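Visitor: Please find one structure pasted underneath; my questions will follow.
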Amino acid sequence: MAVDLLIRNGRLIDPGSGRDEILDVAISAGTIGQIARGIPAAGAGQVIDASGALVTPGLIDSHTHLFRGSDFFGIDPDSVAWQSGVTTWLDAGSAGAFRMPAFREQVIERSEVTVRALINISYLGVAGMNYDEYCNPATCNVDLLERVVDVHRDVIVGIKTRMGSDGVGYQGTLPLVKAVEASQRTGLPIMCHISGSPPSIDNVLGKLRAGDTVTHAFTAAGERLIDSRRRIKPSVRRARDAGVRFDIGHGAGSFSFISAEALTAQGFWPDSISTDLHQLSLPGPRLVEDGEQISRVRGDGAPQLTLLTVMTKLLFLGMPLAEVIRATTSTPAAMFGLADRGVLRPGARADVAILELEPGPIELFDVFGETRRYDQKLACRATILNGVPMTPRPVPTPPPWIRMIDQEPPSARPA
Ligand SMILES: [Zn+2]
């Protein structure tokens, strides 16, 4: 079969197949053809010289918010995907049962990248900044969720619930209890957000089962995974031993170097690495706090937080490169049943990321503005979607409820 695109001489890292070596990848009709050394370039439609670059499966971001125009948080995935290698995006609970048809029509079907949804246990889904989806216990309607999943099962890969004092208010763990019931009835795994306490992290973890995921694992909020002496809590070890997964979900408030360094120093690494990209986290670290918490920094328009930024932070913390790639390819694919994603295999869909490790020095930020110096960062050379390199496009102007201020992002400030 004619080769449409040949990626030559890159360091192919594909943890799902155990490969890490210099190889060429031939793509035909949107599908991975041959993976071998020295594939002849003659006759190939397009040739990309990936010398010095990393060639990986298209990356999977397992926690994002993409219901743009329908809630506070949603962003446009395609405008970030081309510059970050992310070809598969999981929306973490923006849509609940009532808005899933619109999410499918407006986001899943209109995006170039692959979008899959974790359905919110609340039929409202995420709306505003005020975590109002659980305002009424009746929103956690398991019968309704099951009927919507029956219709949209091809695009729904999990159930999302938020367990934090800011989100659940007086309802305690009821939304999680309902999510477990919904999971038992649909067979879908749960992704559970943690933030402020109550509820206690012990109480939340005790309800999760093998195959469920905790997101915001490196939070410094009340439900953090470490105790006051920064030791891993016993309930966290028990949950991991029981098969509960831990995801990063960086976001605008959920990645702290204090938690990250304490956990990783004790050998606790995330199963999956994700951004929690949304309107507040995309522009990078917050500089200004006001009553509304919506003032943002106006940078040069380029996203300050992408999956590559978060992956770079894990490299800084000491996670080996191949494990960082695994946590953004084969592991999230397995966690959420994404067949044909997160692996480079002949016959698979040709979603490929061409990345490079750019020398620094660079400054890394957590959500509190804590900084760390590092000597390299992951950057994107190309994002190949279904066999075709994505073309650049700007990130759309933020919605009117995101107030931008003219201030340089911290990374652009002189030291
Ligand atoms: Zn989120």
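Visitor: Of the numbered conditions (1) over 17 Å from LYS313 (Cβ atoms); (2) within 16 Å of the ligand (Cβ to nearest atom), ARG231 fails exactly one; give the number of that condition.
Guide: Every condition holds for ARG231 apart from (2).
Visitor: A further question follows. I need the full set of residues from region 300-320 which are assigned to a helix (DSSP H, G or I) and more than 22 Å from VAL80 (Cβ to Cβ), in order please.
Guide: Residue satisfying the conditions is LEU317 alone.
Visitor: Here's something else I'd like to know. Search region 234-285 for residues being under 27 Å from SER70 (Cα atoms) and of a type in the set (A, V, I, L, M, F, W, C), and hand back the single one that is surrounded by the fewest Cβ atoms within 10 Å (Cβ to Cβ).
Guide: ALA252
Visitor: Return the pairs, sorted by first residue and then second, in which the second residue is in a loop (DSSP other than H, G, I, E, B) and more than 16 Å from the ligand (Cβ to nearest atom), the first residue lies in region 88-107 and is assigned by TED's automatic domain parsing to the domain that holds VAL149 and of a type in the set (A, V, I, L, M), the beta carbons are less than 9 Å apart, and the residues are 6+ apart or on different chains.
Guide: Going by the 9 Å Cβ cut-off, the qualifying pairs are LEU90/LEU338; ALA97/TYR123; ALA97/ASN141; MET100/VAL155.
Visitor: Checking ASP91 against (1) touching a helix residue (DSSP H, G or I) at 6+ places or on another chain (Cβ under 9 Å); (2) more than 13 Å from the ligand (Cβ to nearest atom), which single condition isn't satisfied?
Guide: Answer for ASP91: the failing condition is (2).
Visitor: If you don't mind, there's one more thing I want to ask. Which pairs turn up if I take residues in region 141-168 that are farther than 13 Å from THR186 by Cα and look for partners that are buried (at least 22 other Cβ atoms within 10 Å of the Cβ) and of a type in the set (Phe, Trp, Tyr) with beta carbon separation below 6 Å, at least 6 apart in sequence or on another chain?
Guide: Pairs found: VAL168/TYR134.
Visitor: Now for a different question. Determine which member of the set ASP247, ASP202 is away from the ligand (no atom under 16 Å from the Cβ) and of a type in the set (Asp, Glu).
Guide: That would be ASP202, the only listed residue that is away from the ligand (no atom under 16 Å from the Cβ) and of a type in the set (Asp, Glu).
Visitor: Restricting attention to region 257-274, and to residues there that are of a type in the set (Gly, Ala, Ser) and away from the ligand (no atom under 16 Å from the Cβ), which single residue is nearest to the chain's Cα centre (by Cα)?
Guide: Residue satisfying both the conditions and the ranking: ALA260.
Visitor: Six or more apart or on different chains, Cβ atoms under 8 Å: show the pairs whose first residue is in region 72-86 and closer than 20 Å to THR329 by Cβ and whose second is of a type in the set (Phe, Trp, Tyr).
Guide: So the pair list comes out as PRO77/TRP89; ALA81/TRP89.
Visitor: Hey, could you check region 100-112 for residues that are away from the ligand (no atom under 16 Å from the Cβ) and crowded, with 19+ Cβ neighbours inside 10 Å and say which is nearest to the chain's Cα centre (by Cα)?
Guide: That would be ILE108.
Visitor: Next question, about the same structure. So, in region 113-125, of the ones that are under 17 Å from the mean Cα position of the chain (by Cα) and not polar (S, T, N, Q), which residue ends up farthest from the ligand (Cβ to nearest atom)?
Guide: VAL113
Visitor: Moving on. Need a quick list: helices (runs of 4 or more DSSP H) entirely within region 120-226 having at least 2 residues that are touching a helix residue (DSSP H, G or I) at 6+ places or on another chain (Cβ under 8 Å) and modelled with pLDDT of 95 or more.
Guide: 142-152, 174-186, 201-207
Visitor: Here is a follow-up. Considering only region 20-30, state which residues are surrounded by 17 or more Cβ atoms within 10 Å (Cβ to Cβ) and touching a residue at least 24 places away in the same chain (Cβ under 8 Å).
Guide: Residues satisfying the conditions are LEU23, VAL25, ILE27, SER28.
Visitor: If you don't mind, there's one more thing I want to ask. Just a yes or no: is a residue in region 333-352 assigned to a strand (DSSP E or B), in contact with a strand residue (DSSP E or B) (Cβ under 8 Å, 6 or more places away or on another chain) and either of a type in the set (Ser, Thr, Tyr) or at pLDDT 95 or above (or both)?
Guide: yes
The values are calculated or read from the model by the stated rules, or taken from the named source; none is laboratory data. This is a predicted model, so every value here is computed, not measured. Cβ: placed from backbone, ideal geometry, glycine included. Neighbour counts: every protein chain shown.
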